[in-house]
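The values are calculated or read from the model by the stated rules, or taken from the named source; none is laboratory data. Bear in mind the structure is a predicted one, so any value in this text is a computation, not a measurement. In this analysis, Cβ positions are derived from the backbone assuming ideal geometry, glycine residues included, and neighbour counts consider all displayed protein chains. These area figures cover heavy atoms from the full protein model, side chains too; ligands, DNA and RNA do not enter into them. Shrake-Rupley method; radii C 1.70, N 1.55, O 1.52, S 1.80 Å.
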Amino acid sequence: TGNFEQILLEQPINHTMSIVGVDSSKEMLARAHKKCKESACVSFFEADLNTTLIFDDESFSHITSINTLYAVANPEFTLSEFHRVLECGGRLLLVTPL
């Protein structure tokens, strides 16, 4: 819903970031757009983590996945897609409930 993107924008290095948020829910994306509409460095895309991501190989230096792996049909596939779009030497942060 744009909460994490807002936190990133509050960091002192936010002027150098390009932030991309994804969600499969149009309603959640609408909320996120509303929260971050003032920032040109944030963009949002509708994406289903159960399918091939719309991004090119090695598109991102960092990926943060918050509470998503438990909700996908095949976590291994989703992780393989994260690996595909993550730059060599990039960082993946996974947050998942216990």
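Before moving on, here are some points about what is shown:
- With a cut-off of 17 Å on the backbone N, the residues of the range 63-98 near the modelled label site 7 Å out from Asp57 along Cα-Cβ are 80-90.
- Among the trypsin sites (Lys or Arg not before Pro) within the range 1-45, those in coil by DSSP and having at most 14 neighbouring Cβ atoms inside 10 Å are Lys37.
- Value of [θ]222 nm, deg cm²/dmol, for the chain, DSSP H segments ≥ 4, -39500 (n - 2.57) each, nearest 500: -8500 deg cm²/dmol
- With the charge dipole of the chain set up from +1 on Lys and Arg Cβ and -1 on Asp and Glu Cβ about the Cα centre, the Cα lying farthest toward the positive end among the listed residues Thr64, Ala32, Leu92 is that of Ala32.
- Here the Kirkwood formula, the inverse mean of 1/r across different C-alpha pairs, assigns the chain a hydrodynamic radius of 14.1 Å.
- Carbon and sulfur %, accessible surface of the chain computed with the full protein complex present, 1.4 Å: 55 percent
- Looking at the range 42-83, the GluC sites (Glu not before Pro) that sit in a DSSP loop and have at most 14 other Cβ atoms within 10 Å of their own Cβ are Glu58.
- Between 0 and 90°, nearest 10: helix 26-36 axis offset from the chain longest Cα axis: 40 degrees
- Charge dipole magnitude, Cβ of K and R +1, D and E -1 - the chain, Cα centre, debye nearest 20: 340 debye
- Considering only alpha-carbon pairs that sit under 8 angstrom and 6 or more positions apart, the relative contact order computed for the chain is 25 percent.
- For the pair Glu27 and Ser39, label points projected 7 Å from Cα toward Cβ lie 2.4 nm apart.
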